[in-house]
2 protein chains.
Amino acid sequence: MQEHLTIRLDKVIHQKARLGIMSILMVMEETEFNYLKERLKLSDGNLSTHLSTLEKEKYIKIKKKFVKKKPKTLCHLTEKGRQAFLEYMNNLEQIIKSMR
Amino acid sequence: MQEHLTIRLDKVIHQKARLGIMSILMVMEETEFNYLKERLKLSDGNLSTHLSTLEKEKYIKIKKKFVKKKPKTLCHLTEKGRQAFLEYMNNLEQIIKSMR
DNA sequence: ACAAAGCACTTTGTATTTCAAAGTAAATAT
DNA sequence: ATATTTACTTTGAAATACAAAGTGCTTTGT
């Protein structure tokens, strides 16, 4: 019987910018807006909306602080986000494995 | 010095449906429209446009035949498509490796 | 023989997503 | 006091995704 290769990859994570954000948050715990922007070479607006998307999905939590009277946006993964990312990676590895 | 993790993944391949199509074509050489449609659970229209996208990019070649007086659409990877897919997979593996 | 249904797609229109230009608000420099 | 910079958010235009509707042929039923 033919199995269905219906590629099961979380839509929210399967996007270059958001994959990058999640990747960084997996290893960085507490990360600044500007760090992500610089590291991923995203425009302000682009990063802002992607962070909102991830926040809406409850994959990340966004904290706003003031440091030296300037706003500072900090992001970190939620447990849900961590799980979603791990599952995404596992799915991806399965796909890659099935190719080899 | 901080490296830039600008995720470098071919936009044409980095999409669930097209990733599925390419994956199948990597192992199947000559594949029918309806096979892809069934295997990937895509609607006719959706598959049709994704195949056109891949064809426009010269990642696949589409042949049209008649079999028992019915149209039959066959697809196969081009060498360019194969290379693009391999590079996509390598990039993906790098990203995964960098996560572990 | 003729209409109705089926098959194998493609085209079209709508909905969603992406992304950067423009906007906001506060701080700092001139 | 005004201009510039910093740190974002909002908005609107463009691209993308997808399914409903359309096309053109064939087969089936009556």
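The values are calculated or read from the model by the stated rules, or taken from the named source; none is laboratory data. Small disclaimer: the values here were computed from a predicted structure and weren't measured. Cβ: placed from backbone, ideal geometry, glycine included. Neighbour counts: every protein chain shown. In case anyone asks, the SASA skips ligands and DNA or RNA and just uses the protein heavy atoms, side chains included. Shrake-Rupley method; radii C 1.70, N 1.55, O 1.52, S 1.80 Å.
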Working carefully through the options B:THR73, B:THR31, find the one that is under 24 Å from A:GLN94 (Cα atoms) and of a type outside the set (D, E, K, R).
B:THR31
In the range B:10-43, anything at positive phi and at the interface with chain A (Cβ under 7 Å from one of its Cβ atoms) is listed as B:LYS41
Take A:VAL67 and decide whether it is more than 12 Å from chain B (Cβ to nearest Cβ) and out of contact with any strand residue (DSSP E or B) (no Cβ under 9 Å at 6 or more places or on another chain).
yes
What is the one condition in (1) more than 11 Å from chain B (Cβ to nearest Cβ); (2) more than 16 Å from A:LYS72 (Cα to Cα); (3) more than 15 Å from DNA strand D (Cβ to nearest atom) that A:ASN46 does not satisfy?
(3)
Going by the structure shown, is B:ARG39 farther than 16 Å from A:GLN94 by Cα and in contact with a helix residue (DSSP H, G or I) (Cβ under 6 Å, 6 or more places away or on another chain)?
no
Quick one: which residue in B:ILE7, B:ILE62, B:ILE95 is away from every other protein chain (no Cβ under 12 Å) and either over 12 Å from the mean Cα position of the chain (by Cα) or polar (S, T, N, Q) (or both)?
B:ILE62
Out of (1) open to solvent by 20 Å² or more (accessible area, probe 1.4 Å); (2) more than 10 Å from DNA strand C (Cβ to nearest atom); (3) over 24 Å from A:ASN90 (Cβ atoms), the one B:GLU93 does not meet is (3)
